[in-house]
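One structure below.
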Amino acid sequence: MYFVYAIHNPAHNKIYIGQIENLEERIRLHNKHVFGGYTSQFSGEWVLIYKEESKTREQALVREKQLKSFRGREFIRKQIPR
């Protein structure tokens, strides 16, 4: 089972969209700034705002790409708690 997820950093109002097998561990690593990529650039905590399950990695990659499109990002922005 794979997860497509979106996390939000309220301190900088940034969103990250990705896919992974172990979602809880991945979010923990984002918050520890283990990765040298996008999420490490911003201080503050990353909060899970959206997730969905996919049976295969291929399906997760397709859905991740959809969510990273303009309309997909509009959908994800609506998931941010106000």
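The values are calculated or read from the model by the stated rules, or taken from the named source; none is laboratory data. Because the structure is a prediction, the values reported are computed rather than measured. Quick reminder, even Gly has a Cβ in these numbers, built from the backbone with ideal geometry, and neighbours come from all protein chains shown.
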Considering (1) touching a strand residue (DSSP E or B) at 6+ places or on another chain (Cβ under 7 Å); (2) modelled with pLDDT of 95 or more; (3) of a type in the set (Val, Ile, Thr); (4) under 20 Å from Arg77 (Cα atoms), say which one Ile20 fails and leave the rest. (4)
If a residue must be among the basic types (Lys, Arg), more than 15 Å from Asn13 (Cα to Cα) and outside any helix (DSSP H, G or I), how many such residues does the stretch 47-82 contain? 3
What residue, among those in the stretch 57-82 that are in contact with a Phe, Trp or Tyr (Cβ under 7 Å, 6 or more places away or on another chain) and exposed (fewer than 15 other Cβ atoms within 10 Å of the Cβ), is farthest from Phe3 (Cα to Cα)? Gln79
Subset of the stretch 16-46 that is touching a residue at least 12 places away in the same chain (Cβ under 8 Å), hydrophobic (A, V, I, L, M, F, W, C) and not in a helix (DSSP H, G or I) - its residue that is nearest to Arg57 (Cα to Cα): Ile20
For the stretch 32-60, give me the residue count where each residue is in contact with a strand residue (DSSP E or B) (Cβ under 6 Å, 6 or more places away or on another chain) and polar (S, T, N, Q). 2
Six or more apart or on different chains, Cβ atoms under 7 Å: show the pairs whose first residue is in the stretch 64-81 and under 13 Å from Gly18 (Cα atoms) and whose second is modelled with pLDDT of 95 or more and among the polar types (S, T, N, Q). Glu64/Gln19; Gly72/Gln66
When the residues of the stretch 23-56 are filtered to those that are polar (S, T, N, Q) and crowded, with 17+ Cβ neighbours inside 10 Å, which remaining residue is modelled with the highest pLDDT? Ser54
Just need a number here: residues in the stretch 1-15 that are in a strand (DSSP E or B) and surrounded by fewer than 17 Cβ atoms within 10 Å (Cβ to Cβ). 1
